[in-house]
Amino acid sequence: MTRATEPAAERAPEVFRRAFGTEPHVLGLAPGRVNLIGEHVDYNGGIVLPAAIDRQVAVAARWRKAIRIRMLAVDRATDDELRIDTAPARGEGWARYVRGIATLLVRAGYPIPGADIAFAGDVPVDSGLASSAALVVATAKALLALAEVEVEPATLAEICRRAEAEWVGVRCGIMDPFVALHGRAGHALLLDCRSLEHHHLRLPDGVRLVATDSGIQRALRDSAYNQRRTECRLAAIRLGVTDLRDISLEDLERRGHTLAEPLGRRARHVVREIERTRLAAAALAAGDIHSLGRLMAESHASLRDDLEVSTPELETLVRLANEVHGVYGSRLCGAGFGGCTISLVAADAVKEFTRHVTQGYRKATGNEATVHVLAAGDAARWEKLAEWKGGGL
Ligand code: GLA
């Protein structure tokens, strides 16, 4: 048996050996992410401030002289096992992500060989920490390693985004795969989602990134996410711009009232969130964590009131977090509609945070919250585990 406490990078090769009875050749590794601020703005051409985390999805892969990719995930659910012979069928569950990225890489002309792959992950699933982007990126890294091809990270991020958007039907933005491919330990990533210009901003040493999982499954999340996207698109069209990013705060003051609700509120969230993200990046660069925390709180209020993607459980988590001394800021993280909050917590307050929030949450909701104390981690990469012959199919 593999122990769940072992990191995914160690578990995946073991899962592979048990499944296929041979050694994997490569390991693709990709992190999940938290987002400090800049929520629901990536698909509006805006600016985001996420960080890759020190939790990963690991994909162990072996080159095969065959036209098939066989895949397996052992640690997701007892019978979560699937083998495919042809990539194009759409499949179920996690397999859709793997099929999607394998197919898009082949279509993009990369010489992806046949392979056996197995994966394991430490990124909490369905929590708003981008575990699906991590799976897609780690699979891409492993398959490209077997193909002996390097793809420029920004190009690869876009292919990975399409895998999720086109194959799984969540019309997500570029943030998650991009930060998985560009993250740096100890740093957040300021990313302009339109120009893809980006730079790293150091996070202060004494602060922890704490994700608290509400444990609520997000049944309507995908359709509600797509609906927000459509509303933002409609608002942009009515305002005569390509993206809501092209509306200034002043423009919005002047013309926002011409939008019917809820489009007016959606636009207000996006335009103000982009401004908040700019201010947050400046605050972080200046080492002003208190201002960053205040902006996170404003972001949360806007996500709740204007974008309407919060839930009673997330509200409880944010309220409890704000009661703890040493919490700079707390907000819902990712798409919303359940999942996690992200809190910036002084290292020496983490213990009290965990106690207060988990107890308070249990009392208020009857549910269990899970606290993940995270650090900013490195970008996706691959490792060679053994030699292989390679060549054509
Ligand atoms: C999900 C999507 C991202 C982004 C966030 C909200 O995580 O995958 O592209 O839109 O929601 O900021």
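Computed over segment 170-248, the Cα gyration tensor eigenvalues convert (square root of 5λ each) into semi-axes of 28, 21, 11 Å, ordered from largest to smallest. Taking only the alpha carbons of segment 99-147, we obtain Rg and Dmax values of 11.8, 34 Å in that order. Give the angle, between 0 and 90 degrees and rounded to the nearest 10, that separates the Cα long axis of helix 131-147 from the longest principal axis of the Cα atoms of the chain. For 131-147 against the chain, the angle is about 40 degrees. Applying 1/(1 + (r/R0)^6) with R0 = 25 Å to the Cβ-Cβ distance of His200 and Asp251, what FRET efficiency is obtained, to the nearest 0.05? So the FRET efficiency works out to roughly 0.20.
Provide Arg194, Arg294, Arg331 ordered by accessible surface of protein heavy atoms (probe 1.4 Å), highest first. Write down the numbers at each step before the final one.
Details: Arg194 110, Arg294 140, Arg331 0 Å².
The residues order as Arg294, Arg194, Arg331, largest area first.
For Lys65, a cut-off of 12 angstrom between C-alpha atoms picks up these aspartates and glutamates, skipping any fewer than 8 places away in its own chain: Asp116.
Our note on the geometry: Cα centres of segment 112-169 and segment 187-202, 20 Å apart.
If you rank Arg272, Arg70 by how much accessible surface each has, with a 1.4 Å probe, what is the order from largest down?
Numbers: Arg272 95, Arg70 40 Å².
Result, largest first: Arg272, Arg70.
Near Ala115, the amide H atoms lying under 5 Å from its own belong to Arg64, Arg68, Ile69, Arg70; only residues 5 or more places off or on other chains count, and H is placed 1.01 Å from N. Listed by chain and number, the lysines placed with their C-alpha closer than 20 angstrom to that of Lys351 are Lys363; residues fewer than eight positions away on the same chain are left out.
Which log10 I(q)/I(0) values does segment 1-54 give at q = 0.20, 0.29, 0.32 Å⁻¹ under the Debye formula, counting every alpha carbon as one identical point scatterer? Result of the Debye calculation: -0.76, -1.15, -1.22. Full extension of the chain between Val373 and Asp305 yields a length gain of 21.7 nm, computed as 0.36 nm times the residue separation minus the alpha carbon distance.
Protein heavy-atom accessible surface, 1.4 Å probe, per residue over the chain: 41 Å².
For segment 233-352, the share of alpha carbon pairs falling in successive 10 Å distance bins from zero is 14, 38, 32, 14, 3 percent. For segment 139-184, GluC sites (Glu not before Pro) are listed when DSSP marks them as loop and at most 16 other Cβ atoms sit within 10 Å of their Cβ; the list is Glu148, Glu150.
Eigenvalues of the alpha-carbon gyration tensor of the chain, scaled by 5 and square-rooted, set the equivalent ellipsoid semi-axes at 35, 24, 19 angstrom, largest first.
Computed from the Cβ-Cβ distance with R0 of 25 Å, the FRET efficiency linking Ala154 to Ala224 stands at 0.30.
Each peptide among 235-248, 94-107 gets the average number of other Cβ atoms lying within 10 Å of its residues, and from highest to lowest they stand as 94-107, 235-248.
Roll a 1.4 angstrom probe over the protein heavy atoms and tell me the percent of accessible area of the chain that is carbon or sulfur.
Numbers: 7970 of 16080 Å².
Carbon-and-sulfur percentage of accessible area, whole number: 50.
The simple spin-label model puts a point 7 Å past each Cα toward its Cβ; for Ala260 and Lys65 those points are separated by 6.5 nm.
The values are calculated or read from the model by the stated rules, or taken from the named source; none is laboratory data. This one's a predicted model, so the numbers in the text were calculated from it and none came from an experiment. Reconstructed Cβ throughout: ideal geometry from the backbone, glycine too, with neighbour counts over all protein chains shown. Keep in mind that these areas ignore ligands, DNA and RNA; they rest on the heavy atoms of the full protein, side chains included. Shrake-Rupley method; radii C 1.70, N 1.55, O 1.52, S 1.80 Å.
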